[in-house]
Amino acid sequence: MPEGASEYAQAKMLAAIAHVGSPILAVRAKLTQAANPSASRPAIAQAVVDVNGHPVRARCAAETMFEAVDLLQERLAARLVRTRQHGGREHRTGTGGAVASRENRVHGHHPGPHQPPIKEPHILRQKAFSLGQQTPEDAVIDMEAMNHDFWLFTDTTSGADCIVYRQGLTRGYRVASAGEDSQQYEAGPPVERELGRHPRVRRRRGRRAPAYHGARLRLPRRLGHGSRMCPLPEARRPIRPDLSRTVEHPRALCGHPEHGRPGHRMASDRTQLRFALPGAASRGSRAAAHRRSPTPGGARLGGRRLGGEHVAGTNGPGSGTSRPLRASPARELTEFSGEESPRPTKGTNMANASQSRAYVVGGGIASLAAAVFLVRDVGMPGENIRILEELPKTGGALDGSGAPGDGYVTRGGRMLEDEAYVCLWNLLKSIPTLDDEAVSVLQETEDFNARWLTHANARLIDADGRILDASQLGFTTTDRVEMARLLALPESVIGARRIEDFFSAHFFTTNFWTMWRTTFAFQNWHSAIELKRYFLRFLQELPRIHTLAGVRRTRLNQYDSIVRPVQEWLERQGVRIEHGVRVTDVEFAVVDGGGRRAERILFERDGVPETYGLGPQDYAFITLGSMTADASYGSDDSVPELVRDKRDGAWNLWETLARKAPDFGRPSAFNGNVDEAKWESFTLTMRSPALLKRIEEFSGNAPGTGALMTFKDSRWLMSVAVPHQPHFDGQPEGVYTLWGYGLFVDEPGEVTGKKMSEATGQEILTELLGHFGFGDIADEVCATTVVTTVMMPYITSQFERRDLHDRPLVIPSGSANFAFLGQFTEIPEDVVFTVEYAVRGAMRAVYGLLGVDKEIPAVYHALSDPMTALRALRAVFA
Ligand SMILES: Cc1cc2nc3c(=O)[nH]c(=O)nc-3n(C[C@H](O)[C@H](O)[C@H](O)COP(=O)(O)OP(=O)(O)OC[C@H]3O[C@@H](n4cnc5c(N)ncnc54)[C@H](O)[C@@H]3O)c2cc1C
């Protein structure tokens, strides 16, 4: 074997699987060098990848082993892409084998020149083996992934032994079952697993119709099954003879031409390389990969995906005629399909953009971004766009306000990130700063972060006010296994389970968990799906989670640095932002073909009902829910009210809409438990530098460089961040600010003995100073500080455990002219509670509805960069 070949192969396999969204359970590769050097292609490389239980294989021969491996990578990557595109199965493009040949004849297709003549059916070989329990979809997926012509299985629903086979090259599949209840029906194409398309399985006859709904098809039985290869010939029961009746040209029992021949025991092949999770490449293999292929996979550089994402869209507002909804709108609307509509022909709707109007419900960053994309990328005149916001200010959660005397306040302080925030940076590159027309907000942010590097020296502080060594993440083997298991599970299996369902008690005591949860605001009871997405999305942060060195900040708070410049730009384009407008309902009509179009927007302007009617060319972009809805404020000596009765418009609007159609989501999954979702933040406005000076001495971090400090043992689980000063536009010299929050607001504090939710601003400050151990400056600090507190009943509502269909798609199936925005829509792979999610959703909405001929930046996958994956792996095993 040539030196370095196995490392090279390992790196290439990692590159080949890097783009796969589904969990990779195992990769096995085998390199064989023929003993006879005069053979024309003596080097053989073969591999089997277990994609979440579905084997995908490839085999290549070449003159040298490195060439063979290169070919193998290409072939494998192509098959994996096909597998992914088709929801976990790979489509054949070649002749469809015996069954397809017959279909070709029947439907007038002529076999290619090399097609062997059709012979009389005869049985070549008989074998016995045990049938796997699976659904017809899984059987189709396995059959395609293995490139077989048919597949035998036991239907999990009916318990019947079945065979699935192709129905011609393009006409789908047929399933035939054996036994007394025997029946035949069409199956496929199979489901897209994560987001869920309806598996089009139609029973033609027979008594038991399968109850398949959406994507809830995958059963947890795959857990722990390292692979489900071609069934091994370790017979438990003989194949039933009547099954052979349905097969014209059985070449072997599993359909593979080599089944039964020596060496075809795929599940037991001897392999030279085997690894379960991507990222396990050795240094040598990466080096070899880089030496031989400057951009592994061809499309990525340094882990950044260069490709883009395509969104599904609609046929446009003018498509089809519409009729008004009658008495029972819910029944008029189409059932949930989990599919976005096909994207309109590029440019079709854009051509009419100057005659179109857009109504954008909500004035958060998602809405502002949608308006920017409509103007910038569609060319819609700004004066045709109206943003409807109930609050007196735009920006939604990205707020920032106040004055030195009364105190400044932001509800949140944002940590942004280079790699993952691609859509946000795309937006901000077009927006000039307020100070200098020639400098974009993106440029300003990059310059700021180049000067003020984040590197927290005091990420965790213990009960005695000592800085902990946070680089020790504290994992046990069990913790690592549990993390790997969560990463390996598809979302359809995780479902509505909580984080704490996946981990043992020790995991929650680790430094890692304290840092991860306080960086992103996770509670143990939150959705395990969301945690999995965060692991994958921010894997690059794992090795630097103790310093937060990957965090990027804006120069000032996000209202001043992002929202105001965006708003200014929009207003200069003529976009109208209407405040004091609470949208209460949207009326839809059914268009021909069962789709829907938004026809009227109902709202209250300062309490007075009004409507906007949408013409045939018009669009609606509707923000659903809000994490900052019903936020209330407290002060030095008052406590913020916990509002439970949904006074703001955001949730009420979504609830009203959700009653109209099953695919408009389920708001109660998110707003139904205020006590699980709430927490409180606070902003200090200080006229003395005493506290910031002392924090700088304590941590070694100048303001703006220390990211987050967490009091690990505090019952409130309090964290604070000292931003770069000044943090607010116009903040005078000699005035300083600090932002903090507590995750457990109903626990008594160690210093004051009060629950955070019942503490005044000054009491919260006292608690903070106590945890720092700064009692000696307490009098001065309290006397010179204004504290503003904010209770947010829904602040982590987007993390509530949920099912796959609880969030509507950005562009629901059949939508002719409307899309949903915000944190409560479904964007595959991306993570909520981020500005990026809001902006990506806006981009999908605008590009998808109007057929914008531009790519949306792809969701960043740290795993696509072997170096990043390796660094993360090292951190976990350190
Ligand atoms: C405390 C805190 C910390 C955060 N930390 C980070 C972080 O570190 N990094 C990060 O990336 N993100 C962070 N975020 C999240 C980020 O700020 C949000 O995800 C993002 O700003 C949400 O924007 P949005 O437009 O989707 O929704 P929102 O900001 O909620 O905006 C929705 C707007 O629509 C209006 N509206 C809704 N319904 C109606 C209606 N029916 N009629 C009229 N108006 C309506 C609302 O009043 C609101 O103004 C944080 C948020 C908070 C609050």
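The values are calculated or read from the model by the stated rules, or taken from the named source; none is laboratory data. None of the values given here were measured: they were computed from a predicted structure. Neighbour counts run over all protein chains shown; Cβ positions are idealised from the backbone, glycine included. All accessible areas refer to the heavy atoms of the entire protein, side chains included, with ligands and DNA or RNA removed. Shrake-Rupley method; radii C 1.70, N 1.55, O 1.52, S 1.80 Å.
Figures for the structure shown
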| quantity | calculated |
| --- | --- |
| Charge dipole (segment 477-550, unit charges on Cβ, about Cα centre) - positive-most of T547, L489, I499 | T547 |
| Binned Cα-Cα distances of segment 677-830, short to long, each 5 Å bin given as a whole percent | 2, 8, 16, 17, 15, 11, 9, 7, 7, 4, 2, 1, 0, 0 |
| Using θ = phi - 60° and Karplus 6.51 cos²θ - 1.76 cosθ + 1.60, couplings along segment 730-737 (whole Hz; Gly, Pro as x) | x, 5, x, 4, x, 10, 10, 10 |
| Radius ratio Rg over Rh of segment 477-550, counting only Cα atoms, Kirkwood formula for Rh | 0.93 |
| FRET efficiency estimate (nearest 0.05) - Cβ-Cβ, E3 to A78, R0 30 angstrom | 0.60 |
| Residues of segment 558-658: accessible area per residue with a 1.4 Å probe, Å² | 37 Å² |
| Under 5 Å, built H, 5+ apart or other chain: amide partners of V586 | L602 |
| Which listed pairs, of K393/K646; K532/K712; K30/K532; K429/K693; K393/K678, have C-alpha distances above 27 Å, in listed order | K30/K532; K429/K693 |
| Probe 1.4 Å, protein heavy atoms only - accessible area per residue of segment 477-550 in square angstrom | 25 Å² |
| Other-chain or far-sequence residues with amide H under 5 Å of I622's (modelled H) | V361, A819, F820, L821 |
| Of all accessible heavy-atom area on segment 477-550, the percent that carbon and sulfur account for (1.4 Å) | 57 percent |
| Å² per residue, accessible surface of segment 781-839 at 1.4 Å | 12 Å² |
| Order by protection proxy (mean Cβ within 10 Å, highest first), peptides 5-18, 350-363 | 5-18, 350-363 |
